[in-house]
Amino acid sequence: MPGLSFFSFTELWSPLFLAVMLLLSAGYFVGIGPLAGRFPGSSTVPLWRRLSFIFGMLALYLAQGGPLSLLGHILFSFHMVSMAFSYLVAVPLIMLGIPDWAWRALLKAVPLPLRRLSFLAQPVLAALLFNGLFSLYHIPVIHDYVMLHFTVHRIYYAVLFLTSALMWWNLINPLPELRSLSGLGQIGFIFLNMVLLTPACGLIIFAGAPLYATYSDPQTWARAMGYCVSGSPAALLQAFGGPAFFGWLSPKVDQQVGGIAMKFIQEFIFASMLAYVFYHWYKKENGQDDAEVSAPSSELEEHVLTRV
């Protein structure tokens, strides 16, 4: 993309964030390797789980620290792809990478005051929380405010990450004692999530004009970019004139592409899981499958990993 040479290696690749991700990944492999014997019920973690965790961390890094993160501040279409990678791809892959015995150890370590918030993981509430916060974020005035205030931006993204994990917990929870959805319940839950995100994507796709000053007004764009690059807003405006320099699409079309990309990725991921859950639920109801489908088995998890 023209103009990216203007940005430094640090601005494009966020070495500090990369270091944090590498440390977390190292902690994961130490925990499931040399330290695994300290946890009750620990067993060897299969290769597919390890790969799931690695790919999840890679997706999160690219979305929040790599070039995709910077491009997400320049063009709305890349912003929506970054959001999809962060909350619809990275979160479930990371969660699938954690074995059941590690989940039990992690949940046991949660302080009691936080355990009282476990009701937030109830299916309907979890779906409403994540999709509601995601849709609220894309109301133009709120989106522009968040993009222009760095601390608020980081807090909001962290909350989205946590609520995304609560939402995905209802589909990929590996702990039988904490399952709350049957196979049919999971099907309904998937449909609920697919429906809840539709209004926000529809607003973005069918808007008659650009909604976000961050991606259409050069002055606002330069201020927002000031939080992720070292150059001053004035220098950015002098060098590029605005976000239009980086794209061949008009702000309106760029916005429509972003909304379509988000909805397509969401529909693909949930439709793939829906097909698999429905297939095994149908077999179980007809006495053809003795496997419990109220939560994904390792086979389901491998299927989700492959499709994602």
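Quick rundown of the values:
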| quantity | calculated |
| --- | --- |
| Qualifying positions in the stretch 1-48 - open to solvent by less than 50 Å² (accessible area, probe 1.4 Å), farther than 22 Å from ILE94 by Cβ and assigned to a helix (DSSP H, G or I) | LEU4, GLU11, LEU12 |
| Which listed residue is in contact (Cβ under 8 Å) with a residue 40 or more places away in the chain, touching a helix residue (DSSP H, G or I) at 6+ places or on another chain (Cβ under 6 Å) and of a type in the set (S, T, N, Q), from SER52, SER82 | SER52 |
| Pair list, Cβ under 9 Å, 6 or more apart: the stretch 212-238 residue basic (Lys, Arg), other residue assigned to a helix (DSSP H, G or I) | ARG223/MET147; ARG223/THR214; ARG223/PRO233 |
| Residue in the stretch 222-274 that is surrounded by the most Cβ atoms within 10 Å (Cβ to Cβ), counting only those that are among the small types (Gly, Ala, Ser), closer than 27 Å to PHE189 by Cα and touching a helix residue (DSSP H, G or I) at 6+ places or on another chain (Cβ under 7 Å) | GLY258 |
| Residue ID - modelled with the highest pLDDT, chosen from residues in the stretch 234-264 that are farther than 22 Å from GLY208 by Cα and among the small types (Gly, Ala, Ser) | GLY241 |
| Condition broken by LEU305, with the remaining ones in (1) modelled with pLDDT under 80; (2) under 23 Å from LEU184 (Cβ atoms); (3) buried (at least 18 other Cβ atoms within 10 Å of the Cβ) satisfied | (2) |
| Cross-chain or 6+ apart pairs with Cβ under 8 Å, the stretch 129-143 first and under 13 Å from SER164 (Cα atoms), then hydroxyl-bearing (Ser, Thr, Tyr) and buried (at least 20 other Cβ atoms within 10 Å of the Cβ) | LEU129/THR163; PHE130/TYR87; PHE130/THR163; PHE130/SER164; LEU133/THR163; PHE134/TYR87 |
| Residue, nearest to the chain's Cα centre (by Cα), within the stretch 129-140, restricted to residues that are surrounded by fewer than 20 Cβ atoms within 10 Å (Cβ to Cβ) and aliphatic (A, V, I, L, M) | LEU133 |
| LEU51 being at pLDDT below 95 and assigned to a helix (DSSP H, G or I) | no |
| Test: residue in the stretch 141-154 that is exposed (fewer than 14 other Cβ atoms within 10 Å of the Cβ) and over 30 Å from SER216 (Cα atoms) | no |
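The values are calculated or read from the model by the stated rules, or taken from the named source; none is laboratory data. All values derive from a computational prediction rather than experimental measurement. Ideal geometry is used to build each Cβ from the backbone, glycine not excepted, and the neighbour counts take in all protein chains shown. Surface areas here come from the heavy atoms of the whole protein model, side chains and all, with no ligands, DNA or RNA. Shrake-Rupley method; radii C 1.70, N 1.55, O 1.52, S 1.80 Å.
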